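Novice: Supplied in structure tokens, the structure appears directly below.
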Amino acid sequence: MTAQQMLVVSSVLDALKKWKIGGLTFSSSVSSKDLREFAHLFVSLDPTTKSIEDFRQELVNLAVAGIELKDSRLLNLKEDLPENRSSKAQHKVRSKTAYGKAADAVGSLTQSSRDGKALSFKQAKRAIQNIVDLMMQDESIMLGLTTLRCHDQYTHNHSVNVSLLSIALANRAGYPKIELADLGLAALFHDMGKSTIPLEVLNKPGEFTEDEWTMMRNHPTEGVLSLTQLRGITNLPARMAAASFEHHMNLDYSGYPKLKTPWKLSLTGRILTIADCYDAMTSSRVYRREPMSPSKVLNMMLSKSGKSFDVTLLKLFVNCVGIIPIGSLVVLDSDAFAVVLKPATDTTESERPVVKVITDAQGTPIDNGPELDLTEKDDAGEYRYSIIRLVDNTEHKFDTSRYFV
Ligand SMILES: [Fe+2]
Ligand SMILES: [Fe+2]
């Protein structure tokens, strides 16, 4: 699919979501007149003032036959009712376990690679398949786990985070589910080439020497070399090799490795570049930089849209994490602090995500504060709650990840 087609698909999906249409069925007998009538209604009716029922009625009025609008599944409309809470808690536990298993798989495979042993991707494959399934049910819980910043096994967490963010982005870009798992696995091992770098260098507390930088800049190519020697997984090494080789190249080829011959970046590579950069910049351990707050990182990335990053994919990525990204710390107009849990479902209200309140108005932490949908309005049609200010959680050394796990 081209970037242009992806943009069309994602805007159609957004429109379906606004209508709360879960699916469309076209019977084989549907006429071109019926399709034209349907298309006209789809773009001319306003989902903010009309319901899916009104839409159906209009189709009946125009005698359009053979096109059926299906309600979106209740799963997406679930409210935070007590009976849903326990299943949400279970889902969180399952997501956390899957995350841990993927991190373990990266750890043991990197170790095997260092020891020169044969590699088996079985465990990693199973973990990623599980992650894809869980993400299809609730993307926000999985993406919330990527905000885990303080962890011993940072490198492994980075690999899992990049995998999760890539899967979410590829899903927005319309990848079929079967391909999501392949892409997730490729993303999980994008930094495999780092296993050729001595641990003393990787964990060096100070600045790298020029030689050490050369070694670091070689990891995309080293990754290809180790991945292409793999046996036992069909098809995948090509995609995995591309993920490794291309993830630091940048859209305008300003990154590395530098090539003398023309090269066309794969979609996997372009997706990976975005997910990898976002996670590396928001975390502290990759290349020893100080971490930046998610929204600063996003702004920096947006300033390089079309240069380092694919314009359409970056837009879709912003839809995944939100313009005020998941894990951001904010102050509400009630003076309470809150953490962004997931982006607004309606992209036209992207500045109004779903948040969890974590302090009272005096700034005193509270346990299990309410989850607020900032798009909610009161009877007078005014927003109930609004964000008045973004707080830099990295400057405040505030770990927002505990609200996700
Ligand atoms: Fe890398
Ligand atoms: Fe990376």
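The values are calculated or read from the model by the stated rules, or taken from the named source; none is laboratory data. Remember, predicted model here, so these are calculated numbers, not experimental data. Don't worry about glycine lacking a Cβ; one is built from the backbone with ideal geometry, like all the others, and counts go over all protein chains shown. Ligands, DNA and RNA are excluded from the accessible area calculation, which covers all protein heavy atoms including side chains. Shrake-Rupley method; radii C 1.70, N 1.55, O 1.52, S 1.80 Å.
Novice: Carbon-plus-sulfur fraction of the accessible area of region 3-77, 1.4 Å probe, in percent?
Specialist: 57
Novice: Where does region 82-321 land on Rg/Rh, using Cα atoms and the Kirkwood Rh?
Specialist: With Rg and the Kirkwood Rh in hand, the quotient comes to 0.95.
Novice: Per-residue ellipticity at 222 nm for the chain, helices alone: DSSP H runs ≥ 4 residues times -39500 (n - 2.57), over residue total, nearest 500 deg cm²/dmol?
Specialist: Calculated from helices alone, the mean residue ellipticity at 222 nm is -15500 deg cm²/dmol.
Novice: Using DSSP to call loops (not H, G, I, E or B), can you name the GluC sites (Glu not before Pro) in region 121-226 whose Cβ has at most 10 other Cβ atoms within 10 angstrom?
Specialist: Passing both the DSSP loop test and the Cβ count: Glu207.
Novice: Find which of Ser334, Ala102, Pro294 sits farthest along the positive direction of the dipole of the chain, computed with +1 on the beta-carbon of Lys and Arg, -1 on that of Asp and Glu, about the Cα centre.
Specialist: Ala102
Novice: How big is the charge dipole of the chain about its Cα centre, in debye rounded to the nearest 20, if each Lys and Arg gets +1 on its Cβ and each Asp and Glu gets -1 on its Cβ?
Specialist: 1400
Novice: Select from Ser10, Asn61, Thr214 the residue farthest towards the positive end of the dipole of the chain; place +1 on Cβ of Lys and Arg, -1 on Cβ of Asp and Glu, and compute about the Cα centre.
Specialist: After comparing all options, I get Thr214.
Novice: How large is the dipole of region 82-321 about the Cα centre if only Lys and Arg carry +1 and Asp and Glu carry -1, each at its Cβ, rounded to the nearest 20 debye?
Specialist: Result for region 82-321 is approximately 400 debye, rounded to the nearest 20.
Novice: Now for a separate question. Dividing the alpha-carbon Rg of region 3-77 by 2.2 N^0.38 Å yields what?
Specialist: In units of the globular-protein estimate, region 3-77 measures up at 1.12.
Novice: Among Pro343, Leu202, Asn319, whose Cα projects farthest towards the positive end of the dipole of the chain, with charges put on the beta-carbon of Lys, Arg (+1) and Asp, Glu (-1)?
Specialist: Leu202
Novice: Follow-up. Taking the Cα-to-Cβ direction at Phe26 and at Ile388 and moving 7 Å from each Cα, how far apart do the two end points lie in nm?
Specialist: Distance between label points: 5.2 nm.
Novice: Could you work out which residue, out of Leu188, Leu251, Leu119, moves most in a Gaussian network model of the chain, that is, has the largest mean-square fluctuation with Cα springs under 10 Å?
Specialist: Among Leu188, Leu251, Leu119, the largest mean-square fluctuation in the Gaussian network model of the chain belongs to Leu119.
Novice: Starting from 0.36 nm per residue, how many nanometres of slack lie between Asn203 and Asp252 once their C-alpha separation is accounted for?
Specialist: Working: separation 49, 0.36 × 49 = 17.64 nm, distance 3.04 nm.
Between Asn203 and Asp252, full extension yields 14.6 nm more.
Novice: When the chain is treated as a GNM, springs tying every alpha-carbon pair under 10 Å, which of His190, His40, His247 comes out with the largest mean-square fluctuation?
Specialist: Among His190, His40, His247, the largest mean-square fluctuation in the Gaussian network model of the chain belongs to His40.
Novice: Return the Rg/Rh value of the chain, two decimal places, where both radii are evaluated on C-alpha atoms and Rh is the Kirkwood radius.
Specialist: 1.00
Novice: What is the distance, in nm, between label points placed 7 Å from the Cα along the Cα-to-Cβ direction at Glu179 and at Asp346?
Specialist: 3.2
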